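These notes concern the structure reproduced below.
The values are calculated or read from the model by the stated rules, or taken from the named source; none is laboratory data. Keep in mind it's a predicted model, so treat the numbers as computed, not measured. Please note: Cβ atoms are built from the backbone with ideal geometry, for glycine as well, and neighbour counts cover all protein chains shown. When the accessible area is computed, the model is the full protein with side chains, heavy atoms only, and any ligands, DNA or RNA have been set aside. Shrake-Rupley method; radii C 1.70, N 1.55, O 1.52, S 1.80 Å.
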Amino acid sequence: MKQYYPNPKLKRILERTQYKKHPKWSKRKWVRRILAMIGPIATIIFYFYFSKNSKLQYDGEDLFSMNVMMAVGMGIFALIPYIGYRKALEGSCVTDSRDRDNDTLVITDEELKYIYHPSYKSNIVLFTEFQIRFKDITKIIYNTYNNRVDIYGKQKEIYYKDFTTGEIARIADVDDPNETIRLYLYFEENEEILKTLQERSTAETKIIDYPTE
């Protein structure tokens with residue numbers, strides 16, 4: 001049996017960048033660009049508007065500065081739709097890698113166990129464990145673009161009420177060959193994990209290099 005733990009630096013990098021690798025993020029690039037252009041365009045329009053219609057009694061330099069400040073302020077205000085849209089899009093593209101704290105991968109001769117605390121749960125002793133035997137793995141998809149591996153096959157799901165004491169709330173046997181355990185490759189020994197999966201499972205490993213959900 002061997003246990004694998006996340007590399008904190010790799011995990012932080014992956015969590016900060018993973019949403020940009022979601023298919024929706026690249027598909028909506030044109031929307032972000034159009035909304036981002038509104039600010040500069042609005043700044044130019046408002047500058048000429050204020051320059052033409054200004055009734056303020058300033059000398060030339062002060063009047064120019066005042067018009068620029070007012071135009072820039074309106075331009076920043078015009079960027080609110082872009083900021084709001086970007087935040088909403090980022091939220092919809094965030095992966096479940098951010099939902100996993102204190103995760104551990106355990107590999108034995110017979111099976112793989114993935115254990116973590118759901119970060120959206122306030123009770124820190126609640127943990128989830130996924131178990132899959134190597135002989136039950138039906139497919140392995142290694143996505144080099146998203147830096148993760150999906151393991152397909154029937155599995156066991158264990159939900160701990162208190163992981164520190166081993167108290168279990170629920171156990172579910174999922175008899176579905178298309179059920180998936182998703183591992184993000186931010187562990188200390190990612191290459192060894194992939195090699196072990198390929199050696200101990202008879203399932204074919206498919207390698208892809210494009211964004212998927």
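If you count only protein heavy atoms and use a 1.4 Å probe, how large is the accessible surface of E199, to the nearest 10 Å²?
Solvent-accessible area, nearest 10 Å²: 120 Å².
Please go through the residue pairs K87/K206; K113/K195; K121/K156 and name each one whose alpha carbons sit more than 24 Å apart in this structure.
Distance filter (> 24 Å) returns K87/K206.
Note down the magnitude of the dipole of the chain about its Cα centre, charges +1 on Lys and Arg C-beta and -1 on Asp and Glu C-beta and zero elsewhere, to the nearest 20 debye.
960 debye
In bins 5 Å wide, starting from 0, what share of all Cα pairs of the chain does each bin hold, as a percent?
That works out to 1, 6, 11, 13, 13, 12, 8, 6, 5, 5, 5, 4, 4, 3, 2, 1, 0, in percent per bin.
Taking the Cα centre of the chain as the origin and placing charges on Cβ (Lys, Arg +1; Asp, Glu -1), which of L112, P81, G166 is farthest toward the positive end of the dipole?
P81
Amide H to amide H, which residues 5 or more places from E111 or on other chains are under 5 Å from it, using H placed in the peptide plane?
F134
Mind checking which aspartates and glutamates have their C-alpha under 20 Å from K161, skipping anything on the same chain fewer than 8 residues away?
Candidates past the 8-residue exclusion: D99, D101, D103, E129, D173.
I need to check one value: relative contact order of the chain, counting alpha carbon pairs closer than 8 Å and at least 6 residues apart, in percent.
22 percent
Taking H placed 1.01 Å from N in the peptide plane, check which residues at least 5 places from F187 or on another chain put their amide H under 5 Å from its amide H.
Distant-sequence amide H within range of F187: N7.
Which of the peptides 133-139, 108-114 is most tightly packed, and how do the rest follow, judged by the mean count of other Cβ atoms within 10 Å per residue?
Final packing ranking: 133-139, 108-114.
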